Amino acid sequence: MPTDTKRVRGPEVSQSPSLFSCDPAAVLPSKGPRADGRRRDQVDVRPVFVRCGLVSQAKGSAYLEAGNTKLMCCVYGPRETDRKDETNMKCGRLTTDMRFAPFSCPERGSWIQGSQDKDFSLMLHESLQPAICLHKYPRSQIEVNVMVLENSGSVLAHAVTCASLALADAGIEMYDLVLGCSMRQDGTSYVVDPSYMEENCCNSVSCENQGGLTVAFLPSLNQISGLQSDGEMTEETLTAGVRTCIEGCYKLYPVIQHALTKAVRKAAPSQSES
């Protein structure tokens, strides 16, 4: 691969200045308010900013901000499949690709898709496919591309929401919007919509009831289209976590509806033109 001759590369042993901006030995408190002022053990999600139709080259696009987490999604298609052997005469084909920008995380990454990107792409595909009317697009392919511009926690949940909004902006027929919400369990306490530090920090001494949970939810149909969990949690904790994430999705629903309605009104022709 040719190297970028215009970039001045630092020493290989160099580290990002952001690693020295805070004390690495500091531990997040397990009680009281969170670092950003939100409450623990409550469905307290970060304020969300959403905008549709920012990329003119794509059939549909959406931009989402949740705190410092920033994502961009573009949808292309429906169009003819690239390979004839993958053509389905009865229904369409959905492809998803989720990548992290090299500057999105505290540790600089690579443009090459890693194992985490592939896992997130698969989870995104499993969450979106049940909501799309693929039988309306036979012999066609719909491409969903998500780029994480800044990772400040809960990227998979917000990627599901952003991709669903981009699909609706592209005019793809869907049964319902898909909203995502995540939570982090740490012993007897939990946090909803965790930040990057909360996802990668463990405050509990015990190894029980520690893990993360991400739910993709269809609010109008009251159905779960995707669920991803890691760590060790009891059955009661997991059930309560799913209900908590569903409540968080309902909190995001009016914001997503308002953004989509605003985009439709902006794209519709005015009465003077008609």
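The values are calculated or read from the model by the stated rules, or taken from the named source; none is laboratory data. Because the structure is a prediction, the values reported are computed rather than measured. Here the Cβ positions follow ideal geometry from the backbone for every residue, glycine too, while neighbour counts run over all protein chains shown. Surface areas here come from the heavy atoms of the whole protein model, side chains and all, with no ligands, DNA or RNA. Shrake-Rupley method; radii C 1.70, N 1.55, O 1.52, S 1.80 Å.
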Hey, could you check the stretch 221-255 for residues that are of a type in the set (G, A, S) and not in a helix (DSSP H, G or I) and say which is surrounded by the fewest Cβ atoms within 10 Å (Cβ to Cβ)?
G231
How many residues are in contact with a strand residue (DSSP E or B) (Cβ under 9 Å, 6 or more places away or on another chain) and either among the aliphatic types (A, V, I, L, M) or surrounded by fewer than 22 Cβ atoms within 10 Å (Cβ to Cβ) (or both) when one looks only at the stretch 161-189?
17
Against the definition (under 15 Å from the mean Cα position of the chain (by Cα) and either at positive phi or modelled with pLDDT under 95 (or both)), how does S229 come out, yes or no?
yes
Within the stretch 68-83, which residues are open to solvent by 40 Å² or more (accessible area, probe 1.4 Å) and touching a residue at least 60 places away in the same chain (Cβ under 8 Å)?
N68, K70, M72, Y76, P78, R79, E80
Please count how many residues of the stretch 84-107 are among the basic types (K, R) and surrounded by 13 or more Cβ atoms within 10 Å (Cβ to Cβ).
2
Members of the stretch 56-70 that are outside any strand (DSSP E or B) and within 18 Å of the chain's Cα centre (by Cα)
G67, N68
Against the conditions (1) open to solvent by 30 Å² or more (accessible area, probe 1.4 Å); (2) touching a helix residue (DSSP H, G or I) at 6+ places or on another chain (Cβ under 7 Å); (3) not charged (D, E, K, R), where does M147 fall short? Just the number, please.
(2)
All but one of (1) under 24 Å from T261 (Cβ atoms); (2) open to solvent by less than 30 Å² (accessible area, probe 1.4 Å); (3) outside any strand (DSSP E or B); (4) not aliphatic (A, V, I, L, M) hold for G153; state the number of the condition that does not hold.
(1)
So how many residues does the stretch 95-139 have that are in contact with an Asp or Glu (Cβ under 7 Å, 6 or more places away or on another chain) and assigned to a strand (DSSP E or B)?
4
So D44 fits all but one of (1) in contact with a Lys or Arg (Cβ under 6 Å, 6 or more places away or on another chain); (2) assigned to a loop (DSSP other than H, G, I, E, B); (3) at pLDDT 90 or above; what number is the exception?
(3)
Hey, can you tell me all the residues within the stretch 49-67 that are touching a helix residue (DSSP H, G or I) at 6+ places or on another chain (Cβ under 6 Å) and open to solvent by 40 Å² or more (accessible area, probe 1.4 Å)?
G53
